[in-house]
Structures are given as structure tokens and as C-alpha cells.
Amino acid sequence: MSRIRIEGLLAAFPKLIGTGKQHTYIETENVRYVYQPIEALYLLLVTNKQSNILEDLDTLRLLSKLVPEYSYSLDEEGICKHAFELIFAFDEVISLGHKENVTVAQVKQYCEMESHEEKLHKLVMQSKINETKDVMKRKASEIDKSKIEKNRGDKGGFGPLTSMGSGRIENSLSDLSLSSTGTGFGSGSGFGLSTDVDSFSTKPKGRPTASANAPPKGLGMKLGKSQKTNQFLESLKAEGEVILEDVQPKLGSSRSAAPPLTDPITLTVEEKLNVTLKRDGGVSNFDVQGQLSLQILNQEDGHIQVQVQTGDNQAVSFKTHPNMNKELFANEYILGLKDPNRPFPTGQASDAAGVGLLKWRMQSTDESIVPLTINCWPSSSGNETYVNIEYEASSMFDLRNVVISVPLPALREAPSVSQIDGEWRYDSRNSILEWSVLLIDNSNRSGSMEFVVPQTDSSAFFPISVRFTATDTFSDLKVTNIIPLKGGNPPKFAQRTQLITENYQVV
């Protein structure tokens, strides 16, 4: 049948349709029109008059079921948008003018069958992309190391440590200056465990020593940056990267996250939270590790004991340092040394880690004690995927500086965020959408965000990472009193309490 003949038959069809008719076919001298209304359109099947009309009606019924499967909007624009998919589907139903014995599920399966050559080509392309990324990371690491060595040789100290491979440029001077001073307690070993000092590197506390602010001898301090460095940083900022500027000359300002230690004695209660939540609900891992640290500025205040009060949480198990009097703590909740004649070690204000006195741990599988739960609901519609994310916070804690990081597929443009409780930022370099809420309290225990991306698989939005801080802890440990062992008035003390996330994910 020629194209002109087909166009003539289709042009004649609208003139043959009457109003108020109950049947769904029209016969002319040579052909039979079998049709079915679909909202404002007609699904039309043109056959000769010798064909079996029952078979034609069955074919038309099958075609009418296929149309909504490939076109979600049953209007002219939606049909034109998915015209090729519909043609391929109809071709599986009708072959050489005759109906094939197939179902809707079979037609969808035949149309979605992948080509082995195409899959192989995609795998080869992806391997090339991954190989190129690895080469870029190695080159960036080599350039990074050469800059560090050059800065050490020119300035006689540590230059800014930049991590280009990880996609972030961060100043690590605060981490370097927070290493343990090695104050011996016992047989030459550090009193606090060295592995616990790292937890304070992200939140430095205390005042820098006088030597930390002193300029190096022989060389002037270079405050300026080269033009190439500025251009490089500006290009990274344009890509959405977070840049922490080099603050080596102003080391004291890098510790502004915590107030300086002004009290003679400071006790820090810190808990690290490791949680792995399942995307469909439930907890696969919940682990809380806490530590009580002591910092004494003056040596004359070292002969003391610390009276503490624990909460009612029976799931928390405490463990004292080997040099502590375990019976004294078990009976009276007093932290004191086995040898009361020996003082606690003292340190400068820059020793933010302090001395570890007490540790505790808590593990559970009860989802009700999780401070923050995340529900992610991706749903595809047409060529787009709508993602709804909701958080629900427990009333036990007020959470601060909450950041929910959602991984996204590689996008040409930032996702379209239609609704959000809080703020959002798109990291195009790492393809991550960050949802930020400064404070979650009784006024906003729940919140939601909705955004749209091109159609993708739901697994691409996991694992979701969460980080936050809180001023309350699961152990509810509090320091109630400082007991001087040599008489006199008890020295003033300050207590700092915080709960931080170490690894908090929804997988």
C-alpha cells in the first residue's frame, strides 16, 4: 500500500465518524475502520472487509493496553513524544498484517531486550572513563606532593596540605598541631589512647601556643598567593567545590570552632555515633562509643578526683582507664588514680585531646533510639525521576548543623529542587546533593525535600550519608564535683558535651 493511499484513508476517517453512535467500526466500499476512543484521541485499525472483525477487535484491545504503558500523558504531545516506542511495540503485535499471539508483558520484554554489542561498548567506554579518572588522581597526587615538598623547602615548615584527589582542598594544619604531646603516665606511655586524639581534629579546641604564632626565623612570612593558584581555586569554586583557604599565618583563627580554655580544669564528654540504616526500614548497625577526657592547665591542680553521675541507660557499659581505681568508680562513681599521691598530668591549652579517664559503649538494634531516620522515595514518570526525601528526628536530641548528602547520577545541570525544608547545595564535582538544616528541635522534628532528575535507577540515590552534632549524649554522663585531695577549695572546672556522627548512612 502506497503512502498516498494510507494518507487518503486516514484523512477520510474523521469525516466518517458520526455522533451518538454505539458501534466502534465503519465500513466503506473497500476497507473497514475499527477504532476505539482514548480520551481526546482515537486508536484506529484499518483492515480490508474480508478480515475477521473479532480478531481485529482483539488486536485493537491489545494495542489500547500498550499505549498507556509507553505514554503516560494520553494527548497529542505525549503520543508524539513516545512515537518511536509505540511503533516498536505495535510492530511486535502486528507482523505482515496479522496479529501475533503475544501479551502486554511479552511485548514490553521484547522491546526492552538489550543488545550484547551495545552493552559491551558501554562497558568498554566506562572502563576507559574510570582509567582516565585514576590517571588524573595520580597526577593530582604527584602535583600535590611536589607542592608540599616545595613549601617545606621554601618556608622551613608545613605548607597547606591539599587533597585534590578527594575533590576537597582543606587546611590540615589544625590536625598536625593536635597530635599528642606524649605526656607520660605510668611506664612512659601516653595516658590517653592515641587513637582517640583523631576525634578532635575536626573540631579543634583550646588556644595555640606562643610558638605556634611566632614567625619562622630567617624568612619573612609570605601572605600572598600566586596568580596561578588564585585562578585554580576560582575554577574549583565555579564547579561547586568547597574551598577552605590557607590560614597558616592565622593559626589561632582556625581554632575558633571552640572557645578557648580559660578554666583551670576542663572535662570533655564526647560520643561518636556509627549507624547504618536500611532503606526499607530497620537498623543493621548502631554503635555509640564515648569518652570522658580531662585537661588541667596548672600543675598544682593535678591532685584531684572527679565525681560523675551516669544516666538511667542500662545499655551503656563503662570501662575505666587501667591507671584508675576501678573499685572507687564502681562503688561511688568517683574517678581517681590508684596511687592518690600521684597527680594527673597537665598540659598546655593547645593539648585539646586531654587525658582519657573513662570510656563507654552502647550497641542496639532498636530503631526507636536512632536520633534521625531518613526515608527516600524515588519514582519514575516519563523521562524523569521524582525523589522525595523525608527526615524524622527523635525528641531525645536537638540536632545542629545537619547535612544530608544524597548521591546523584552524573548530571549536566543541577537537579530541580521543587520543595525543601532548609537549604540545599549541589556539588557538581562529586555529583552530590547536600541538604542542610541548621537546627532540628521541637519546631521541626520532621522535614522533606523533593527534587527531579533525569530518569535513573532508584539505587543510584544510595547510600545517603548524614552528619550532625548535638549537645546531649546517650550516656547522659555529667561531672558533678571535683574533689581536691590536698584540701582547700575545689578548683573551678568546665564541662563540654557533644555527640558527633562518625559514620551515619542509609544503605
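The values are calculated or read from the model by the stated rules, or taken from the named source; none is laboratory data. Keep in mind that what you see is a predicted model, and the values were worked out from it rather than measured. Here the Cβ positions follow ideal geometry from the backbone for every residue, glycine too, while neighbour counts run over all protein chains shown. For accessibility, only protein heavy atoms count, side chains too; no ligands or nucleic acids. Shrake-Rupley method; radii C 1.70, N 1.55, O 1.52, S 1.80 Å.
A few remarks follow.
- Filtered by the rule that a residue be open to solvent by less than 30 Å² (accessible area, probe 1.4 Å) and under 19 Å from residue 468 (Cβ atoms), region 277-290 gives 277, 283, 286, 287, 288, 290.
- Pairing residues of region 1-17 that are closer than 20 Å to residue 37 by Cα with residues that are surrounded by 11 or more Cβ atoms within 10 Å (Cβ to Cβ) and of a type outside the set (A, V, I, L, M, F, W, C), at Cβ distances under 7 Å and at least 6 apart in sequence or on separate chains, gives 13/33; 16/33.
- Only one of 389, 420 that is under 22 Å from the mean Cα position of the chain (by Cα) and in contact (Cβ under 8 Å) with a residue 40 or more places away in the chain: 389
- Across region 113-128, a minimum of one residue is classified as part of a helix (DSSP H, G or I) and either among the small types (Gly, Ala, Ser) or in contact (Cβ under 8 Å) with a residue 60 or more places away in the chain (or both).
- Residue in region 472-481 that is within 18 Å of residue 393 (Cα to Cα) and β-branched (Val, Ile, Thr) present: yes
- Candidates in region 456-468 are the residues that are surrounded by 13 or more Cβ atoms within 10 Å (Cβ to Cβ) and over 9 Å from the mean Cα position of the chain (by Cα); of these, the one that is nearest to residue 391 (Cα to Cα) is 468.
- Taken together, the criteria place residue 441 among residues that are out of contact with any Cys (no Cβ under 6 Å at 6 or more places or on another chain), exposed (fewer than 15 other Cβ atoms within 10 Å of the Cβ) and within 14 Å of residue 421 (Cα to Cα).
- Criterion: touching an Asp or Glu at 6+ places or on another chain (Cβ under 8 Å) and of a type in the set (Ser, Thr, Tyr) - qualifying residue of 110, 72: 110
- Of the criteria (1) surrounded by 15 or more Cβ atoms within 10 Å (Cβ to Cβ); (2) within 21 Å of residue 424 (Cβ to Cβ), which one residue 377 fails: (1)
- 3 or more residues out of contact with any strand residue (DSSP E or B) (no Cβ under 8 Å at 6 or more places or on another chain) and within 20 Å of residue 273 (Cα to Cα): qualifying strands (runs of 3 or more DSSP E) within region 423-507: none
- Subset of region 276-294 [closer than 12 Å to residue 507 by Cβ and touching a helix residue (DSSP H, G or I) at 6+ places or on another chain (Cβ under 7 Å)]: 282, 283
- Qualifying residue in region 306-315 (condition: free of Cβ contacts under 8 Å to residues at least 24 places away in the same chain, open to solvent by 20 Å² or more (accessible area, probe 1.4 Å) and under 30 Å from residue 466 (Cβ atoms)): yes
- Criterion violated by residue 293 - all others in (1) within 18 Å of residue 495 (Cα to Cα); (2) among the hydroxyl-bearing types (Ser, Thr, Tyr); (3) surrounded by fewer than 15 Cβ atoms within 10 Å (Cβ to Cβ) satisfied: (3)
- Scanning region 452-494 for residues that are touching a Ser or Thr at 6+ places or on another chain (Cβ under 8 Å) and at positive phi yields one hit, 476.
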